[in-house]
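This report refers to the structure that appears directly beneath it.
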Amino acid sequence: MTTMESLIGLVNRIQRACTVLGDHGGADGALPTLWEALPSVAVVGGQSSGKSSVLESIVGRDFLPRGSGIVTRRPLVLQLHKTEEGQGEYAEFLHLPKRRFSDFSLVRKEIQDETDRLTGKTKQISPVPIHLSIYSPNVVNLTLIDLPGLTKVAVEGQPESIVQEIENMVRSYVEKPNCIILAISPANQDIATSDAIKLAREVDPTGERTFGVLTKLDLMDKGTNALDVLEGRSYRLQHPWVGIVNRSQADINKNVNMIVARRKEKEYFATSPDYSHLASKMGSEYLAKLLSQHLESVIRARIPSITSLINKSIDELESEMDHLGRPIAVDAGAQLYTILELCRAFDKIFKEHLDGGRPGGDRIYGVFDNQLPAALKKLPFDRYLSIQNVKKVVSEADGYQPHLIAPEQGYRRLIENALSYFRGPAEASVDAVHYVLKELVRKSIGETQELKRFPTLQNELAAASYEALERFREDSHKTVLRLVDMESSYLTVDFFRKLPQEVEKGGNPTGPTVDRYTDGHFRRIASNVSSYIGMVSETLKNSIPKAAVYCQVREAKRSLLNYFYTVVGKKEGKQLAQLLDEDPALMERRLQCSKRLELYKSARDEIEAVSWAR
Ligand code: GDP
Ligand code: MG
């Protein structure tokens, strides 16, 4: 391929890729898209002036719906891709990406059907373009746009507004500064009445991007010719006018094929007494070459600005990608790695909360320093150790035989019953620690920047952490209750050894005659039990926090996610991908962004290569 071909081919490929990405100009009117920065060719003219016919002869294949009346009712963006010699020709629609058409009459049918799909079988129009690519060794690299013909009046079945609508649609294409206008006028009408020239002059007053094409030379009245127009005397343009003879309706009806038609066209010019001196600069083949040459020079001139647009876009896309986060790997190993990394990031923040790098861990100390002592203090021992209750408990414990010296059984029962009051505050401390930990998990997930993209993983992580915390809580419950139970299973002997002495010390030395069942006696018992309970309370105030920290806080730091790691480690590719299921809208945006980035980068590389090859 020559540089020229590869250059236009490159632009074509970029445009095609832009199209696939839905990036074909005019989107939100912000930055000019790459598509808009690249040149394209649009065919403009009155209805039945021969626009579709001209396009077909440039392509060298029959594939467009043609005829009288309004035939082209949606823009057709036609991309010609030159392929290597010897390869088959085929066409592809953007809306049917998986189907290759090698029968071009089916292409025509599909254009008609696809038009009707949007507009109905009416004479309505739609500005939504149909995108068609043709791959063939016999075409030049070009992007051509076929547009509905300009009309003057609405016909039966069309709304009054259609005349203006068509004009607006056509204008929206041709007013773009990179649009090369193929202005088609039929030779059998006065050029002064040409809609094509009228519109072209409006949007391109200097005529530098307008190519005048005169069709239907064969239909001119006998004795007249179009030399005034073709030689630029009637209406001057920067580029030379090109005369064309397309197939007549009769030819089409007779299925005269393209090769024959081209030969006949050549013959027409070669043998025409009026135009033979211009023969080498007339006809559709010449027009195709002319366009292609012009495109090349336009592209060459624009390379610096295209390159800078591409570089700017790459910059913007890169920073958008940074913002969106890089895409996740596709293979299971890398996904697992990503998940574990994310877990670690979360775990690190969680630990920072506990260890004081971040706030929140102090609330656990608050549980031990305030909540637990306050709860212990509030226990209703005063009521429990009232004289009546002590009397009642002691006599119940004595049974039929009241105690003789010290109420051993009574003490035991009083103490055991009193100790069971500690269960409540012990469990409450464990629960309080649990809720602080849970809150810290929630907070840490929120603070793990890397996790923001992955709502599913966030949920799974939270669920796994809560489950682990729940297990730690159960274990901690058991442990603190055991601490309480231990206190009642074996009473401190020392304490009781001291008791009789105290009794004797405080009691009446004349001993045997003293009535052991006075209030004073029970008050003493109550106060003994109370001081024993006080001693135990002090012990528990210290040991409950140790248990809670041991079972809950330490475990949370050590093995919060261990179970989750085992579960994740067993997952297969698809399940892993599900964990990394991002917000679909975000994924879509990243996908678009990365595809575009890829396109722009390869475009940059190719443009560099082509401009060096010069
Ligand atoms: P469009 O509406 O501008 O796309 O025009 P078409 O390409 O559909 O052509 C309209 C009609 O004019 C068709 O019947 C063509 O066969 C016929 N036609 C177009 N160009 C020529 C030409 O150069 N010579 C003759 N004899 N007929 C032509
Ligand atoms: Mg047409």
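The values are calculated or read from the model by the stated rules, or taken from the named source; none is laboratory data. Predicted model only: the values in this text are computed from it and were never measured. Reconstructed Cβ throughout: ideal geometry from the backbone, glycine too, with neighbour counts over all protein chains shown. Heavy atoms of the whole protein, side chains included, go into the accessibility calculation; ligands, DNA and RNA do not. Shrake-Rupley method; radii C 1.70, N 1.55, O 1.52, S 1.80 Å.
For the criterion of being without any contact (Cβ under 8 Å) to a residue 40 or more places away in the chain and away from ligand 2 (no atom under 16 Å from the Cβ), Asp218 fails. Given the criteria assigned to a helix (DSSP H, G or I), more than 16 Å from ligand 1 (Cβ to nearest atom) and buried (at least 18 other Cβ atoms within 10 Å of the Cβ), does Leu295 qualify? Answer is yes for this residue.
Of the residues Gly361, Gly333, Gly366, the single one that is closer than 28 Å to Val430 by Cβ and modelled with pLDDT under 90 is Gly361.
Please go through the range 143-152 and give me each residue that is within 16 Å of ligand 1 (Cβ to nearest atom) and either outside any loop (DSSP other than H, G, I, E, B) or open to solvent by 10 Å² or more (accessible area, probe 1.4 Å) (or both), ordered by number.
Leu144, Ile145, Asp146, Leu150, Thr151, Lys152
Could you go through the range 47-60 and let me know if any residue there is modelled with pLDDT under 85 and polar (S, T, N, Q). Yes, some residue in the range 47-60 is modelled with pLDDT under 85 and polar (S, T, N, Q).
Just to be sure before I move on: is Lys281 at pLDDT 90 or above, buried (at least 16 other Cβ atoms within 10 Å of the Cβ) and farther than 18 Å from Ile181 by Cα in the structure I sent?
Numbers: at pLDDT 90 or above: yes; buried (at least 16 other Cβ atoms within 10 Å of the Cβ): yes; farther than 18 Å from Ile181 by Cα: yes.
Yes.
Filter the range 44-87 down to the residues that are more than 10 Å from ligand 2 (Cβ to nearest atom), open to solvent by 30 Å² or more (accessible area, probe 1.4 Å), of a type outside the set (Gly, Ala, Ser) and over 39 Å from the mean Cα position of the chain (by Cα) and list them by number. Arg61, Asp62, Glu85 - these are the residues of the range 44-87 that are more than 10 Å from ligand 2 (Cβ to nearest atom), open to solvent by 30 Å² or more (accessible area, probe 1.4 Å), of a type outside the set (Gly, Ala, Ser) and over 39 Å from the mean Cα position of the chain (by Cα).
Just the residues that are of a type outside the set (Gly, Ala, Ser) and either open to solvent by less than 10 Å² (accessible area, probe 1.4 Å) or more than 14 Å from ligand 2 (Cβ to nearest atom) (or both), please, taken from the range 174-188.
First, pick out the residues of the range 174-188 that are of a type outside the set (Gly, Ala, Ser): 174-182, 184, 186, 188.
Correct list: Val174, Glu175, Lys176, Pro177, Asn178, Cys179, Ile180, Ile181, Leu182, Ile184, Asn188.
Of all residues in the range 78-112, those satisfying the criterion of being closer than 23 Å to Ile125 by Cα and acidic (Asp, Glu) are Glu92, Glu110. Note on the range 88-135: among residues that are in a loop (DSSP other than H, G, I, E, B), within 33 Å of the chain's Cα centre (by Cα) and among the hydrophobic types (A, V, I, L, M, F, W, C), the one that is surrounded by the fewest Cβ atoms within 10 Å (Cβ to Cβ) is Val128.
In a residue-by-residue description of the range 211-221, the property of being aliphatic (A, V, I, L, M), within 15 Å of ligand 1 (Cβ to nearest atom) and within 25 Å of Ser297 (Cα to Cα) applies to at least one position.
One residue alone among Val140, Val155 is open to solvent by 50 Å² or more (accessible area, probe 1.4 Å), of a type in the set (A, V, I, L, M, F, W, C) and out of contact with any Cys (no Cβ under 9 Å at 6 or more places or on another chain), and that residue is Val155. Test Asp322 against the criterion of being part of a helix (DSSP H, G or I), at pLDDT 90 or above and over 30 Å from Gly223 (Cα atoms), and give yes or no. So Asp322 fails the test.
Of note, Val430 does not satisfy the criterion of being at pLDDT below 95, farther than 30 Å from Phe454 by Cα and not acidic (Asp, Glu).
Kindly indicate whether Leu144 is in contact (Cβ under 8 Å) with a residue 12 or more places away in the chain, aliphatic (A, V, I, L, M) and under 25 Å from Ile181 (Cβ atoms).
Working: in contact (Cβ under 8 Å) with a residue 12 or more places away in the chain: yes; aliphatic (A, V, I, L, M): yes; under 25 Å from Ile181 (Cβ atoms): yes.
Yes.
Here the range 520-548 is the region considered, the condition is being under 58 Å from the mean Cα position of the chain (by Cα) and without any contact (Cβ under 8 Å) to a residue 24 or more places away in the chain, and the residue that is farthest from Pro407 (Cα to Cα) is Lys546. Answer yes or no as to whether Val170 is part of a helix (DSSP H, G or I), surrounded by fewer than 18 Cβ atoms within 10 Å (Cβ to Cβ), β-branched (Val, Ile, Thr) and under 44 Å from the mean Cα position of the chain (by Cα). No.
Checking each residue of the range 415-433 against the condition of being without any contact (Cβ under 8 Å) to a residue 24 or more places away in the chain and not aliphatic (A, V, I, L, M) gives no match.
From the list Lys546, Lys571, the one residue that fits, being under 29 Å from Phe472 (Cα atoms) and in a loop (DSSP other than H, G, I, E, B), is Lys571. For the residues Val203, Val170, Val155, Val245, the requirement of being within 15 Å of ligand 1 (Cβ to nearest atom), touching a helix residue (DSSP H, G or I) at 6+ places or on another chain (Cβ under 6 Å) and either within 28 Å of Phe63 (Cβ to Cβ) or not hydroxyl-bearing (Ser, Thr, Tyr) (or both) singles out Val245. The requirement of being farther than 27 Å from Val480 by Cα and modelled with pLDDT under 95 is not satisfied by Glu416. Taking the range 377-457 as the region of interest, the helices (runs of 4 or more DSSP H) fully inside it that hold 1 or more residues being closer than 28 Å to Thr518 by Cα, open to solvent by less than 80 Å² (accessible area, probe 1.4 Å) and of a type in the set (A, V, I, L, M) are 387-398, 408-420.
Return the residues of the range 208-236 that are farther than 25 Å from Val174 by Cβ and either open to solvent by less than 10 Å² (accessible area, probe 1.4 Å) or not charged (D, E, K, R) (or both); say none if nothing qualifies. Matches in the range 208-236: Leu219, Met220, Gly223, Thr224, Asn225, Leu227. The number of residues in the range 17-43 being at pLDDT below 70, open to solvent by less than 30 Å² (accessible area, probe 1.4 Å) and assigned to a loop (DSSP other than H, G, I, E, B) comes to 4. State which residue pairs qualify: first residue basic (Lys, Arg) and inside the range 187-208, second residue assigned to a loop (DSSP other than H, G, I, E, B) in any location, beta carbons under 8 Å apart, and separation of 6 or more residues or different chains. So the pair list comes out as Arg201/Gly207.
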